[in-house]
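Bear in mind these aren't lab numbers, they're just calculated from the coordinates by the rules spelled out. Worth saying up front: this structure is predicted, and the values here are computed from it rather than measured. Positions of Cβ are backbone-derived with ideal geometry, glycine not excepted, and every protein chain shown enters the neighbour counts.
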Amino acid sequence: MTHAQLTALLPVILLAGTAVALLLVQAITRSHRVTAGVTLAGLAAALVAVTRALPQGATPVTALLTIDRFALLYTGLLALIGIGLTLLSFLYLAGRTRLTGAYYILFTLALAGGAVLASSAHFAAFFLGLEMISVSLFALAAYRRDDPAGIEAGMKYLVLAGVATAVLLFGAALLYARYGTMAFAALGTAIAPGAGDPLTLAGIALVVAGIGFKLTLAPFHLWAPDVYEGAPAPVTGFIATISKAAVFALLLRLFTQVHLREHPALFAIFATLAIASIFAGNLLGLRQMNLKRVLAYSSVANMGYLLIAFLAGGPAGAIAATFYLTAYLPALLGIFTLLTALSGRERDADAIADYAGLAWRRPVLAAAFTVLLLSLAGIPLTGGFIGKFYVALTGVSAALAGSPAFWALVGALVVGSVIGLYYYLRIVLAFFQRTPAGEEPAAITRRVPDAAAIVLTLSTLAVLWLGVLPGNTLTLISLLVEEWFR
Amino acid sequence: MFSITGLLTISGILFVAGAAALITRRNAVAALMGVELMLNAANLNFVAGWRYFWPERLDAHVAVLLVITVAAAEAAVGLAIILNLYRKFGTVDLEQIRLMRG
Amino acid sequence: MILVLLILNLLLGGGLAWLAGRWSASAARWTALVVTLFELLFVGLLWLRLEPAEGSPWLAGIVADWIPNFSVKLILLMDGVSLLLITLTAVLGVLAVLVSWREIQENVGFYYFNLLCVLAGVIGVFTALDLFLFYVCWELMLIPMFLLIANWGHAHRKAAAIKFFLFTQLSGLLMLVAILGLALTHFQATGAITFDYRALLGTAPGSLWLMLGFFVAFAVKLPAFPLHTWLPDAHTEAPTAGSLLLAGLLLKTGAYGLIRFILPLFPEAAAAFAPIAMTLGVIGILYGAVLAFAQTDFKRMVAYTSVSHLGFVLLAVFAMNLLALQGAVVQMLAHGFSTGALFVLAGALQERLHTRDLRRMGGLWTLMPRMGAVALFFAMAALGLPGLGNFVAEFLILLGAYRANMPLAALAAVGLVFATIYALWLLQRAFYGPVASEGAPRDLRPRETLIFAVMMAALLWLGLFPQPVLDAAAPALHRVPGVSLHVGAYVRGPRSPARVRESAHSVARPETAPLAEHVRNGDGSVWGDAKAGRGEAPAPWGRAGTGTSTIDDRRGGAR
């Protein structure tokens, strides 16, 4: 292994190393603070390693991983969100369970899995990364043994993730049987554009279905709301942010390197998935009374929007999708921070009714929450709007460039956004409900711990900054993504 | 000897059988077995691809070993969850465990 | 810079009012009042210190970079039309603060924060000339308005607020897609992406689809039939100041958008679409008037009259001649005051009688003579009594529309008859007849008297001396492509009287001659011959002195 390879791989090594270190720490002390501290230190070190690795170009590390700037960008993003989620986990676990060591080990392993996914160049790495995330996450979802909903969520996630992996692997095996390789680049040269033999088609279709499960695209979204609702708030946060972002990074890379976008059949499949997700996510979210379920459906819809940028392809599509995720992640992180901070011992504060009157009782929290929700809805001056704007820009651009199918996608984006807005507004309106003094929901009277306040402030500011002055971030992202298209 | 078509058909049948078990069986352990069956169908594909098309390459062997290992890990965690499920609900029947709508 | 100041004053003032509200309610009220008075002062300064560049319609403005990646710029520019609407915004802003003085008792600080934010967003809409920025302002005035309705409105406020937001959002997103389409069309043609309004002029003059994207957004706001259904609900449920701002300002953003964007950006498509749009306008006029007549809820009735009045604006814009556009601008101002005043009246009545149901009113004149007189005045304004602003506006519009499409103009004129019926019916039901309500409601308070006095003065001024308004708007309207300028002969504009006469008789434009002749004969004097500066101060933007007529002549001619 050369020095360059080591530098490039260091973030992943550090993440995995943190997990091992945590195992060793458990032998010395069971202190929650120490465990969380080691996790934070490991994540911070990984973040530093990312910045150290950025200057060098794409570095292949074995046949499995290609660590280029895109991969590092996503790894950095995951580590950043991971730091926030670690703080949340610390707050959440404190006082709820005494067994905290395993949680952080699984958490870091999942994060390492995300980094592997973001840099994988081979189906084996894809599979490995996916399983590192999934196995850790269903253990995490069921982590609280006193919480039946969590266990049920873990069970459902187990089945869901298992099916996704199996489907994906079956597809990869078919492609292997046909082309004799599992490396993305080699597959890219081997698969002729428009190849129509049954093995190739079945293989690709199954891979797509597997990815669809992981991204909870409709119609693969069925159990996602249950998993979101049942899992502890920080774990739901992880599922909603890190695992989605990592899989989406992989999807972008896979399709760019294998040139799958040129397949008309695949285009049709993804376009259908996108439209179905947008409508399913937004329509099913309408009647939910549970915040986590709303977020689950909102994420189904948001993945649909992302697919539009992804389908448009080219540098603009990749930049748009990456920016969209960059703005989407802090918004979700902020929401889950609030959810965690205001949750009681017995029950997470995940009913919309838990927030009735928030605006009168805690105006600052309500303002932050509103900003975050409006970002998810894509209202101007939030990062979500710039993301959606960019997605629409690539969509309209592709439509004008001669693929009229994009008009349908852009139309779905417009209609879907309006439907979705309804359920975000419902939550915002709940903040303004007037409740007689003394009858407020318990959630809104709870104190927000300092750590949560910091995470919330930072993520809200990030959302606003990305919405008001997105220039620098856009430039940075385009510099990092451009590498692929040179 | 089997032909490649035969092998792929068998793996396809295994895969569908696994999926069917997942959908129809209400028992959590059976569902887990369904997942395992699907993974092994994929393994069979790898082996078939190696045997008939790419006998000089070793990727398939590595892939199969990898899958077996990871599937074991998955089964281990899965069984642990099912154990907890049983402790909490007194049953592993997925139909009866429905705290949440969906 | 002054435009930025106008917006920042409101935003920061809003924040200040919020903070003051945490201390005491009346502190918040006074803060908001001072802020809006300052705003009015700034606008006054704006009128006094205009320094237009030669040959440019822009009177003030600022251009700065914002998001270089998309070439999005901060472009705030103001021309005569914007200036008039900003003035309207500032005046109605003060009135809205006063109107809410007693009505709002809960969370006063946050209320005024939202109120001032709406005003800031509206001023942003009236001045933003980067399409991206325009869209941002367009959305941002919605959120505080949504909160105003949802939090301080009446019984069904939440549903009404959500309906309002969703309607506007859907149409707004369609506009966003059209903006993107326009910018990308420009990109394909020139290789440079930009959202600068001035650069995009002439990019896709004939694109019907892009035009429709914009049109839907503005038609929803206007509101044009059949996209008006959000309006009665929103108006009825909103607090009084909310109705005032909705009617006075938010609806105007739709009309402003039609004039500012649809005609200049898509002159050919607009010309092709004009018959449909004008028909929609006329349907709106008649439909709104008929439904207004059928309402029993005071506010709901006034809301439908809005549909009717703004139908005139739609008709005027798509008549696509200067006369009608001048009328549209006056209509926007006059409607802001007259309908706004009716909503304030409704609010005042509700406060006293605890109902808006017209069937439970009656004989109010005897109980509250001053309020009765006020109601009479504004009902007369709504039905278009000569001497008041609405008359000038509707008359100009009908004149312009007549040139563009005679049958539709004739139908629209029927709307005036309907307006007379519903206005008199309103008076009859609420203020005349036997006394229906118990108790002795208090007549107008001094604060309310002041509010109504300002609005009456504005309407009288618009009705009697509209020339400064027409002058202010003229240079901007002259630059709207696709608008036939020769009708400008009636109205003072940048053209010299001599040329106006020439064009009226020109062989090259035979179609203008008959109308000009007709008016000349009917009037007994040639409008174009009137000497400039009769009775009015010269307009501050330096085009005065070339003018031709005063509106007094015209009204005389019509009688």
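Things to note:
- The simple Förster model, with R0 at 60 Å and r as the Cβ-Cβ distance, assigns C:Glu106 and B:Thr69 a FRET efficiency of 0.40.
- Three-way shape call for the stretch B:4-89 based on the alpha-carbon gyration tensor, with the a/c threshold at 1.5: oblate
- The count of lysine pairs in the protein assembly as shown that are at least 8 places apart or cross chains, and whose C-alpha atoms lie under 24 Å apart, stands at 24.
- Whole-Hz couplings from phi, Karplus 6.51/-1.76/1.60, listed for the stretch C:200-210; x for Gly and Pro: 7, 4, x, 6, 9, x, x, 7, 5, 5, 4
- Averaging the Cα positions of each part gives two centres, and for the stretch A:409-448 and the stretch C:206-228 these lie 29 Å apart.
- The value given for the stretch C:1-46 is a Kirkwood hydrodynamic radius of 10.6 Å, derived from the mean inverse Cα-Cα separation.
- Local electrostatic count at C:Glu237 - Lys and Arg +1, Asp and Glu -1, tallied over other residues with Cβ under 12 Å: +4
- In plain terms, the bigger the Kirkwood radius, the slower the diffusion; for chain A, with that radius from Cα pairs, at 25 °C and 0.890 mPa s, Stokes-Einstein puts D at 110 µm²/s.
- Segment C:Phe465..C:Leu5, full-extension length gain: 162.6 nm, with 0.36 nm per residue of separation and the alpha-carbon distance subtracted.
- Charged-residue dipole, Cβ positions (Lys, Arg, Asp, Glu), the protein assembly as shown about Cα centre, Debye nearest 20: 1380 debye
- Of all DSSP-defined beta bridges confined to the protein assembly as shown, some 95% are antiparallel rather than parallel.
- Residues C:Val34 and A:Met1, FRET efficiency given R0 of 45 Å [Cβ-Cβ distance, rounded to 0.05]: 0.05
- Cα-projected label distance for B:His61 with B:Arg26, points at 7 Å along beta-carbon direction, nm: 4.7 nm
- If the Kirkwood radius is taken over C-alpha pairs of the stretch A:287-357, then at 20 °C and 1.002 mPa s the Stokes-Einstein diffusion coefficient equals 156 µm²/s.
- Backbone phi angles across the stretch B:53-59, fed through the Karplus curve with coefficients 6.51, -1.76 and 1.60 (θ = phi - 60°), yield HN-Hα couplings of 10, 10, x, 8, 9, 10, 3 Hz in residue order; Gly and Pro are listed as x.
- Additional length obtainable on full extension of the chain from C:Met406 to C:Ala199, 0.36 nm per residue less Cα span: 71.0 nm
- Cα→Cβ-extended label distance, 7 Å offset, between C:Leu385 and A:Ala453, nm: 6.1 nm
- Electrostatic dipole magnitude of the stretch A:267-486 [Cβ: Lys, Arg +1; Asp, Glu -1; Cα centre; debye, to 20]: 340 debye
- The helix-only estimate of mean residue ellipticity at 222 nm for the protein assembly as shown, built from DSSP H runs of length n ≥ 4 each weighted as -39500 (n - 2.57), is -24500 deg cm²/dmol after division by the residue total.
- If R0 is 22 Å, the Cβ-Cβ spacing of C:Ala440 and C:Thr355 corresponds to a FRET efficiency of close to 0.85.
- Normalising the Debye intensity of the protein assembly as shown to I(0), with uniform scatterers on Cα atoms only, and taking log10 at q = 0.07, 0.09 Å⁻¹ returns -0.71, -1.03.
- Around the amide H of C:Leu74, modelled in the peptide plane, lie the amide H atoms of C:Ala64, C:Asp65, C:Trp66, all under 5 Å away and 5 or more residues distant in sequence or on another chain.
- Zone of C:Ala155's modelled label, taken as backbone nitrogen in the stretch C:297-334 under 14 Å from a point 7 Å along Cα→Cβ: C:297-300
- Computed from label points 7 Å out along Cα-Cβ, the spacing between C:Arg22 and A:Leu286 is 3.9 nm.
- Length-normalised contact order of the stretch A:137-202 in % [C-alpha pairs under 8 Å, at least 6 apart]: 21 percent
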